[in-house]
Amino acid sequence: MILSNPNQKKIEDLGPQDIIIVGAGTIGLYLAHVINKKNPHIEITIVESGSEEPTQKFNSYLSESKGKKHSGTLNGRASGVGGTSHLWGGQLAEFERLDFEGDSSGWPLDYEEMLSYYNKVYAQLGMRGIQSNETYDKAYGKLTDVNKKIVRTYTRWLKEPNFYNFFKDDIRNNKKIKIIINTTVNDIKFNGNKAISINCITNNLVDISLRANRFIFASGTMGINQFFLSTQITSNVPWKKNENVGKYFQDHLGGVIGTLNIKNEKLFRKYFENSWVKGIKVQPKLKFTSKNRSAQETGAVAFFTYKSKYENSIIRIKQSLKNIGKNFKVKNIILLIRDLSLIRKDLILMIYKFLFKKRVHAIFNLKNSVEVNIHSEQIPIENSAIKIANNNILDNGLFKIQTCWSCNGNEAISIKKISKEVDSFLRINGIGEVIFNDGYLEKSNTALINDFHDTNHQCGGLIISENQENGVVDKNCKVWGASNVWVAGSSVFPSSSYANSTLTALALAERLAEHCFE
């Protein structure tokens, strides 16, 4: 049930809630669904600053990027029901054992426990056909690894990445889950260490107060940090003197390092085209072997993207097919037919591979059209942080924030290493060779990192820790010093591997849903 711009009378009619979740994005909707399944009798209210249709238009009002350019601050997130899942492709990737159990790991959780929660997330999302990397290796065929430096890994893709659509039944029909939209939470009141209510302001500038037994903040890395930093200044909160708030902000570093000169197209397609295995779409990538990774300070992964002279036509076809039921116009159908005609040769292969091979036919028909991409883990550092931008309080009662993104620079060592070892791996297997960008391998660490960009995987600022001196939340994601306040999402990550952050954020949310009732 969705409530828009409520007044205090409507809120009082709701009565005290069992749980209030701040944020109706990817993590907030998932949490509400899981908690409702485990406890169908309790009352859950989600408070969302955006509208029913997610938008990015308020990002520049709420935040800015300072230091190393962080594009995701303005372009990599959306507010509204479904949040950033509205922009997301639906790619899921697991963190590695070393991320949780390595000597420099800041995680107070072990890998086996997180693996069990990954599996619970897959089940919640209807992905019961998930297989191990070893099984995917067999499905794709064996590759030679004489140097034992590089191995394939596989990301899985959701059929429906937009969580508004995925949880539409909860949003529309579940009377135990209420979503208040166009309403920003700007304060929280405590009695001792127990939170008793939150203060909010609607888009119509109406102040309201909501009471609950438990409060979970799930409004994205930027949104949660903005709330915690603002209330440090304006309110008497348990984290008022916690100097860790906002620190250790991270994102994955991404860049195109060159193109692939393909020696054997048949082999390349066999080993690296996306495919469906047991009903799950998977994408092959290349990473360090476990032994090789343990010798590196950071992890990294290599994968391929494609350019085509029909690139614009392909984009329009995807958009047309996705929206054909919503936007049925004669001119759109004519344009669709024209675009399909342009790619007719590849279209036949696309249909054939989909029906008989369960493969996604990759289209690349230009010189140097297979790009080699690297995504790298960022080394967490204290001065990479989210901070208050200025002393002026916004109309919503919060302070504007700035992303002061900074990198250690040593990430470049692993990036160069995986680049060279992927090139060697592809040569040994007779697939091709990497044609590196001019001067790429000769660049200084600083210059290379300056060329890499963020990948819209914002993490950190409210990191999980063994003790209050080193973080903001405990291993159950409960805020240090508070008895009934939790943080959900990638803002609690003390490190972020090289992989998409959403699956691990969902796994922590699954775990939080169990522990918040202890």
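The values are calculated or read from the model by the stated rules, or taken from the named source; none is laboratory data. Values in this document were obtained by computation on a predicted structure and should not be read as measured data. In this analysis, Cβ positions are derived from the backbone assuming ideal geometry, glycine residues included, and neighbour counts consider all displayed protein chains.
Values computed for the structure shown
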| read-out | value |
| --- | --- |
| Flag for residue 48 being out of contact with any Ser or Thr (no Cβ under 9 Å at 6 or more places or on another chain) and of a type outside the set (Val, Ile, Thr) | no |
| Filtered residue count, region 478-512, keeping only those that are in contact with a His (Cβ under 9 Å, 6 or more places away or on another chain) and closer than 16 Å to residue 25 by Cβ | 5 |
| Residue satisfying condition, being touching a strand residue (DSSP E or B) at 6+ places or on another chain (Cβ under 8 Å), more than 26 Å from residue 464 (Cβ to Cβ) and at pLDDT below 95, within set 203, 173, 199 | 203 |
| Those residues of region 224-236 which are in contact with a helix residue (DSSP H, G or I) (Cβ under 8 Å, 6 or more places away or on another chain) and under 13 Å from residue 185 (Cβ atoms), in sequence order | 224, 226 |
| Region 191-203 residues that are within 19 Å of residue 397 (Cα to Cα), paired with ones that are hydroxyl-bearing (Ser, Thr, Tyr) and surrounded by fewer than 20 Cβ atoms within 10 Å (Cβ to Cβ) (beta carbon under 7 Å, 6 or more apart) | 197/209; 199/209 |
| Residue 241 being of a type in the set (Lys, Arg) and without any contact (Cβ under 8 Å) to a residue 40 or more places away in the chain | yes |
| Scope region 39-83; condition over 19 Å from residue 2 (Cβ atoms) and part of a helix (DSSP H, G or I); matching residues | 59, 60, 61, 62, 72, 73, 74, 75 |
| Flag for residue 478 being out of contact with any Gly (no Cβ under 8 Å at 6 or more places or on another chain) and over 30 Å from residue 144 (Cβ atoms) | yes |
| Candidate set from region 44-87 (those that are among the acidic types (Asp, Glu) and at pLDDT 95 or above); member that is nearest to residue 12 (Cα to Cα) | 48 |
| Criterion: in a helix (DSSP H, G or I) and modelled with pLDDT of 95 or more - qualifying residue of 249, 228 | 228 |
| Hits in region 200-210 (condition: surrounded by fewer than 17 Cβ atoms within 10 Å (Cβ to Cβ) and either part of a loop (DSSP other than H, G, I, E, B) or within 30 Å of the chain's Cα centre (by Cα) (or both)) | 203, 204, 205, 206 |
| Residue check for residue 169: over 28 Å from the mean Cα position of the chain (by Cα) and either of a type in the set (Lys, Arg) or in the same structural domain as residue 74 (by TED's automatic domain parsing) (or both) | no |
| Pairs, first under 16 Å from residue 281 (Cα atoms) in region 133-154, second surrounded by 10 or more Cβ atoms within 10 Å (Cβ to Cβ) and of a type in the set (A, V, I, L, M, F, W, C), C-beta under 7 Å, six or more apart | 136/277; 136/282; 139/277; 152/143; 152/286; 153/301; 154/282 |
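Every residue, every condition in (1) within 20 Å of the chain's Cα centre (by Cα); (2) outside the structural domain of residue 381 (by TED's automatic domain parsing); (3) in a loop (DSSP other than H, G, I, E, B), yes or no:
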position	(1), (2), (3)
106	yes, no, yes
129	no, no, yes
139	no, no, no
144	no, no, yes
155	yes, no, no
